[in-house]
Structure formats: C-alpha cells, structure tokens
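Working notes for the structure below.
Nothing in this text is a laboratory measurement; each read-out follows from the coordinates by a stated rule. None of these values were measured; they are calculated from a predicted model. Don't worry about glycine lacking a Cβ; one is built from the backbone with ideal geometry, like all the others, and counts go over all protein chains shown.
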Amino acid sequence: MNSYIVAFAGLMLLSYCADTLVESSIVIAKRFNLSKVFIGSAIIGFGSSLPEVMSTSSASSQNLSDLAVSTVVGSNIANIGIPLAICLLISKNWPDMTKHKLDFVFVAVAYVILVISALFGYMGQIQGILMTVLLVIFLLISLKVNKEEDITVNVEDDSEKDSANMFELFLGVLVGLIGLAIGADLLINGATAIAQDLNISEKVIGLTLVALGTSLPETAASISAAKKGETSLVLGNIIGSNMFNILAALGIAAAINPLEINNFNLDSVFLILMALFLVPFFFRKTGNNKVYGIILFVTYLVYIYFVAIH
C-alpha cells in the first residue's frame, strides 16, 4: 500500500509543480514579448515535459532503461491520444498550424532519431549529448522564425498575474523545478515497487502508469487552453512537449547512462501512427473536431489494450 501512496504523491506533486512552472513561464514569456507559437512549443512544451525529463533521468541513473524509454514512448502516444483528443472534443475551432510547418519538421526529425535508435536497440552517451544540442538549435531557430508574431495568449486573472514582480515569477519557476525533481523520484520509486509487487514488467508500468502520470501537465494545459479557444496553443504544447520528451528526456537519460531499447516494435508502430495523425493540422485549415478527437482517443485505447495483453 505504501508503494501506491508514494507513486500517487509523486504524480500529484509532478502535476502541481509543472502547472506552477508553466504558469510562471507564460507570464515571463509575455513580459519578454515572445510569440504565442514559441510559448506553446517551447515554454509550455518545456514545462509540461519536465516530468518526463526528471522521470527518465531518475530511471536512467538507476539503470532502468526499459522504464526510461517506455515513459517517453508512452507519454508521446498519450499526449496525442488524451490531451489533443479532449481538446478537439470540447473546442469549436480546428487547430490551424498551416503557417508553422517548420515546427512539424522539428518534431518529425526527433521521431526519426527515436525510431532509428529503436531499430539499433541502443542509445549511447554521445548520441544523448548530440540530441540535447540539437534541441537547443531547434529552439533558437524556432525563436528566430516566430519572434515577430503578435502574442495574444489568454491567462486567467491576467491583471493580477501581470502585477507579480519578476522575483515571484522566477521563484515560481524554481519551486516548480525542485518539486518536479522530488515528484519524479517518488514516482519512479513507487512505480518500480508496484511493478515488483504485482510482477509487472518495467516496460508496462512505464507505458501506462508513469506515462499517463507525466502527461497530466499536458492534459491540464490543453483543457485550459481549449476552453479559451486557444487550440493552436494546445497543438504547439503537444508538439513541443513530444520533441522535448525525445531530445531532452531521452537525450539527458542517455547522456547519464547508455540506454538499451528492446521489444518496442508494437509501441513504435503506434508512436508513428499517432505522429501521422498530427499531419492534417499542418496542411488543412479546417476539419471535423469531434470525429477526429474520437479517432485519436479510440486509437489510444486500442494501444492500451495491446499493451495490457502483450
């Protein structure tokens, strides 16, 4: 029972601290006049993917390669199958990203790197360092491309948040980071103990419990943005988060300890399938939100079914 409490406490701490970090990051970004696209893909994407970064780093330091890899793979599949699906079901607007095809190219490159690594079954330390450097390059290009776009991000209690001084905002970022580190450690310890108690593999725990738990920030941010009609912000968040998950979470984890990638053939198929579901948003300005949302969610349920019986 203690293992479940520890894992649950880790999930809650991750969710709360990620939300604090994201909220503070949004206001800071607005102060420095960063674009909406950059906020969605870089700032919020970075903040909401920090649970995955912390979790995979912790797992890698404990030589739990399957848990580290499955957390990222499961989270990337869940990010599209849950937050984006919910966003489409509750929003009226189709996320129009036709002017931001470069962002899709960035995340596509990250996916190619992951799939190639899966085919070779290994991700080394040098590759991990290069992946992290590549992420920084992508962010700099994204900032340059999007810096002239007008920023119109809606934040609850905007006047109150804008009155906060920079010290309070950066303190929120610091508290969020510290809380994420503690929460990730609790989550990994609890999840590993649960796997041992129930005789469940690290991979299944990573693809389900840990992946779903670390996707909570993306889900919360997506629901909030969708209610405000900011569907492009939602998709930017998911694109950025998935890119960070691969290049930062796995990159840092591999830099800490080389990762072995075994028996992820089925997961790779669903990973690629979910990524392909993102393509229409970058090439079509309109679409049927509800139908597409249902398709995404059902596909995710099918994936979970195969994971459970595998």
Q) log₁₀ I(q)/I(0) of the range 2-309 at q = 0.08, 0.09, 0.15 Å⁻¹, via Debye over equal Cα point scatterers, no solvent, to two decimals? A) -0.31, -0.40, -1.18
Q: Treating the angle as unsigned and between 0 and 90°, give the value, to the nearest 10°, between the Cα long axis of helix 2-31 and the longest Cα principal axis of the chain.
A: 30
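Multiply the residue separation of Ala9 and Ile309 by 0.36 nm, subtract the distance between their alpha-carbon atoms, and state the gained length in nm to one decimal. Spell out each step's value before the answer.
Values: separation 300, 0.36 × 300 = 108.00 nm, distance 2.79 nm.
Between Ala9 and Ile309, full extension yields an extra 105.2 nm.
Please compare each pair in Lys92/Lys144; Lys99/Lys290; Lys99/Lys228; Lys101/Lys144; Lys99/Lys227; Lys30/Lys144 to a cut-off of 26 Å on the Cα-Cα distance and tell me which ones are over it.
Numbers: Lys92/Lys144 31 Å; Lys99/Lys290 23 Å; Lys99/Lys228 21 Å; Lys101/Lys144 15 Å; Lys99/Lys227 23 Å; Lys30/Lys144 16 Å.
The pairs that break the limit, which is 26 Å between Cα atoms, are Lys92/Lys144.
Please work out the FRET efficiency for the pair Asn288 and Lys101, using the Cβ-Cβ distance as r and a Förster radius of 35 Å; give the result to the nearest 0.05.
Details: r = 22 Å, r/R0 = 0.62.
The pair Asn288/Lys101 has a calculated efficiency of 0.95.
In deg cm²/dmol, rounded to 500, what helix-only [θ] at 222 nm does the chain give when every DSSP H run of at least 4 residues adds -39500 (n - 2.57) and the total is split over its residues?
Values: 16 runs with 226 residues, N = 310.
-23500 deg cm²/dmol, from helical runs alone.
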Q: Report the FRET efficiency, 1/(1 + (r/R0)^6), for Asn2 and Ile178, where r is their Cβ-Cβ distance and R0 is 22 Å, rounded to 0.05.
A: 0.40
Q: Quick one: angle between helix 216-227 and the longest Cα principal axis of the chain, in degrees between 0 and 90, rounded to 10, please.
A: 30
Q. Got a sec to turn the phi values of the range 167-183 into Karplus ³J(HN,Hα) couplings, 6.51 cos²θ - 1.76 cosθ + 1.60 with θ = phi - 60°, whole Hz, x for Gly and Pro?
A. 4, 5, 5, 5, 5, x, 5, 5, 4, x, 5, 5, x, 5, 5, 5, x
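Quick check: from the Cα gyration tensor, does the range 152-300 come out rounded (a/c under 1.5), prolate or oblate?
Working: a/c = 2.01, a/b = 1.15, b/c = 1.74.
Oblate, since a/c reaches 1.5 and b/c is not below a/b.
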Q: On a C-alpha basis, how far is the centre of the range 214-274 from the centre of the range 43-60 in Å? Whole number, if you could?
A: 9
Q) So between Ile129 and Ser268, what do we pick up on full extension, going 0.36 nm a residue minus the alpha carbon distance? A) 47.8 nm
Q: Give the calculated FRET efficiency between Val112 and Val302 to the nearest 0.05, with a Förster radius of 35 Å applied to their Cβ-Cβ distance.
A: 0.90
Q.
On a full-extension model of 0.36 nm per residue, what is the gain between Ala193 and Val136, subtracting their alpha-carbon distance, rounded to one decimal in nm?
A. 17.0 nm
Q) Separation between the Val279 and Phe32 pseudo-spin-labels, each 7 Å from Cα along Cα→Cβ, expressed in nm? A) 3.6
